[in-house]
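Asker: Sharing a structure below in structure tokens format, with a few things to ask.
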Amino acid sequence: MGKCRACHAKIKAHQIYCPKCGAEHPLLDKDDVKHFSKLKKRFILLFSLIILVLASALLLFLIKIPAASTEPYTVKQTIPKPVTTSLPPDCVDVDYEYKLVYYKPQVFAKVLSLEYNIRNLESLGGEFEYAVSAVDKISLEEKTHSKKLLLGPYENVTSKAYFKDINLPRDVDIYFSIKPPKKTVCKEYTETSYSTQEEEETRLKEEKYYKTLFEFLLDEIKGGL
């Protein structure tokens, strides 16, 4: 219970107008009304600010952000490993490679002349043994000429053989034979077997989880310090 500021009539606190003089807000003067309005606006602003701060704080704890963490762990595994073993070489003797070229036989004064060329096609030197025979087509008499030649790597030699008492080259059959030297050729062989070996390997395990926006911002702040 108060009094009207205009006519001093008794006014109840909830009454906005004076029942006697009709004054508005009879318990307050104009300065009080202005002051009250300012306080009311400040209170509303402060209340709104508090609501905004509380809502922001609530969002910090409600909003969750996906994150991942990695953790190393050790794995033991058995791995087969190849083991190569050398075996004794397999060696064989083979003939030299060569080339034999014959030239046209000629007869002069009943002497048959045979000319030929032997070429060694190997990178090794060796002794070549050859024989050339002339067999009379009528009497079947055979005359043989043999010789040994030592040829170096890739060397070639032209040789001649002579047979007497032959009138024409067509009267005899001519046969050539050659015995080249031997070379040893070895082949290397290997055998592969497998042995097991235990090894440790470090791997990374990734786990996904969620953390609040507050935790995320707090981690960012700690990381920047």
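Asker: Using DSSP loop states and a limit of at most 14 other Cβ atoms within 10 Å to flag chymotrypsin sites (Phe, Trp or Tyr not before Pro), what is the longest stretch of the chain containing no flagged site? Numbers along the way, then the final one.
Answerer: On the way: sites that count: Tyr103, Tyr154.
Between exposed loop sites, the widest span is 1-102.
Asker: Could you work out the Rg to Rh ratio of region 153-225, with Rh taken as the Kirkwood radius (inverse of the mean 1/r over all Cα pairs)? Don't jump to the answer; show the numbers that get you there.
Answerer: Details: Rg = 44.5 Å, Rh = 24.6 Å.
Rounded to two decimals, Rg/Rh equals 1.81.
Asker: Sticking with this one: For the chain, modelled as a Gaussian network with Cα springs under 10 Å, which listed residue fluctuates most, Lys211, Lys183, Lys40?
Answerer: Residue with maximal mean-square fluctuation among Lys211, Lys183, Lys40: Lys40.
Asker: Next up: What three numbers, in Å, describe the spread of the alpha carbons of region 97-180 along their principal axes, ordered from the longest?
Answerer: Extents along the principal axes, in whole Å: 44, 21, 15.
Asker: Here is a further query. How far is the Cα center of region 143-218 from the Cα center of region 59-134, in Å?
Answerer: 2
Asker: Same structure again: Could you size up the charge dipole of the chain around its Cα centre, putting +1 on the beta carbon of Lys and Arg and -1 on that of Asp and Glu, and report it in debye to the nearest 20?
Answerer: Numbers: 34 positive and 31 negative charges, 627 e Å.
Value, rounded to 20: 3020 debye.
Asker: Sequence neighbours fewer than 8 away in the same chain don't count; with that in mind, list the lysines whose C-alpha is under 26 Å from Lys81.
Answerer: Hits, sequence-local ones excluded: Lys187.
Asker: Starting from the Cα of Lys211, step 7 Å along the direction of its Cβ; do the same at Ile174; then give the gap between the two resulting points in nm.
Answerer: Roughly 10.2 nm, to one decimal.
Asker: At 222 nm, what value in deg cm²/dmol follows for the chain if DSSP H runs of at least 4 each add -39500 (n - 2.57) and the sum is divided by all its residues, to the nearest 500?
Answerer: On the way: 2 runs with 45 residues, N = 225.
When only DSSP H runs of four or more count, the value is -7000 deg cm²/dmol.
Asker: Okay, next question. Measure up Lys76/Lys208; Lys3/Lys41; Lys110/Lys137; Lys12/Lys41 against 22 Å on the Cα-Cα distance and list the ones that go over. Before the final figure, lay out each step's value.
Answerer: Details: Lys76/Lys208 25 Å; Lys3/Lys41 27 Å; Lys110/Lys137 16 Å; Lys12/Lys41 25 Å.
Pairs exceeding the cut-off: Lys76/Lys208; Lys3/Lys41; Lys12/Lys41.
Asker: Let me ask something else. So for Val157, Val172, Val53, fewest C-beta neighbours within 10 Å to most, what's the order? Working shown, then result.
Answerer: Details: Val157 14, Val172 22, Val53 10.
Least crowded to most crowded, the residues run Val53, Val157, Val172.
Asker: Lys/Arg Cβ at +1, Asp/Glu Cβ at -1, dipole of the chain taken about the Cα centre: which of Ile63, Ala9, Val92 is farthest positive-ward?
Answerer: Highest projection toward the positive end goes to Ala9.
Asker: Relative to the present Cα-Cα distance, how much length would full extension add between Glu142 and Lys76 at 0.36 nm per residue of separation? Working shown, then result.
Answerer: Numbers: separation 66, 0.36 × 66 = 23.76 nm, distance 8.42 nm.
Here the answer is 15.3 nm.
Readers should treat all values here as calculations from the given coordinates under stated rules, not as data from a laboratory. Given the structure is predicted, the values throughout are model-derived calculations rather than measurements. Neighbour counts are summed over all protein chains in view; Cβ atoms, including those assigned to glycine, are modelled from backbone coordinates with ideal geometry.
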